[in-house]
Every structure is written in structure tokens, then in C-alpha cells.
Amino acid sequence: MVSALSHVIRGGNDPSGVVVFVASLQEQETCDVCGLTVPDECLGCELFDTRQETRMKKYRGVSLKASGNWGAEIMIPGKVRKWLGTFKTAEEAARAYDRANIYYRGKNKNAKTNFPVEDYPDI
């Protein structure tokens, strides 16, 4: 067995005994999350990446639900939690939070909003 492998490694019947390895090194893409080569080593980190923008907590009063929708809730004066609903996008949920916050606290400095208060002239 060893002699057969040695024979193959030496290049078969080539009497010079010089071994020539030809390797085609392809440019391999690396995963941005784990740094491993895709698809050989990486197992799909982008599916579990918590750094993705869609999963980041970006807005006040907004959270990502298990269903993939965004939920909005607010603590109204008196320490009562008020559920505002679920929304398709984080921005919709943030705007619902802003409207509720302005409604309960007014358009003064006490209303900390995600977007400028001037965006809500109807409240």
C-alpha cells in the first residue's frame, strides 16, 4: 500500500522522480460574520447574525417579535404599560410609539420621540 502511494505521489512512471502538483486556487468568498469560506466551512451564519440591521434595536419602544413583526409599547405616566400593536416594519412601530408618547406627554421636552416632533402636526 505504501509503495503504491509513493508511486502515485512520485508521478507514476515518470523516471525523473519529480512531483508536480497543480492546484487550482479559486478565489473563495468568506463569510462576513465568522470569516470562514463560503459554502465549504460556513454553515449559514447570516441566518443567525444578531448584528443585522433588521434585528437591531434601533427605535425607542419597539421590539422584534418571534413572528418577524415589530411590536410597539409605551410606559404611560403612572407606570402602566400600554401595548400599541404589531407592525410590518420597525419604522411603523416607532411612529406608533411617537404618536402615543406625544398624546400622553405632549409636544414638550418630556416626549422623547424617535423622529422629530414636527413630523406629527395632527397630534
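In the stretch 83-99, what residues are under 12 Å from Val62 (Cβ atoms) and touching a strand residue (DSSP E or B) at 6+ places or on another chain (Cβ under 8 Å)? Walk me through it before giving the result.
First, pick out the residues of the stretch 83-99 that are under 12 Å from Val62 (Cβ atoms): 84-87, 89-98.
Passing the criteria: Leu84, Gly85, Thr86, Phe87, Thr89, Ala90, Glu92, Ala93, Ala94, Ala96, Tyr97.
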Would the stretch 58-65 turn up any residue that is at pLDDT 90 or above and open to solvent by 90 Å² or more (accessible area, probe 1.4 Å)? yes
Quick check: is even one residue across the stretch 26-36 at pLDDT 65 or above, hydrophobic (A, V, I, L, M, F, W, C) and open to solvent by less than 60 Å² (accessible area, probe 1.4 Å)? yes
For the stretch 77-112, how many residues are open to solvent by less than 40 Å² (accessible area, probe 1.4 Å) and either touching a residue at least 60 places away in the same chain (Cβ under 8 Å) or not aromatic (Phe, Trp, Tyr) (or both)? 11
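The values are calculated or read from the model by the stated rules, or taken from the named source; none is laboratory data. Keep in mind that this is a model prediction, so the values were computed, not measured. Counting neighbours? That spans all protein chains shown, and the Cβs are built from the backbone with ideal geometry, glycine included. Ligands, DNA and RNA are excluded from the accessible area calculation, which covers all protein heavy atoms including side chains. Shrake-Rupley method; radii C 1.70, N 1.55, O 1.52, S 1.80 Å.
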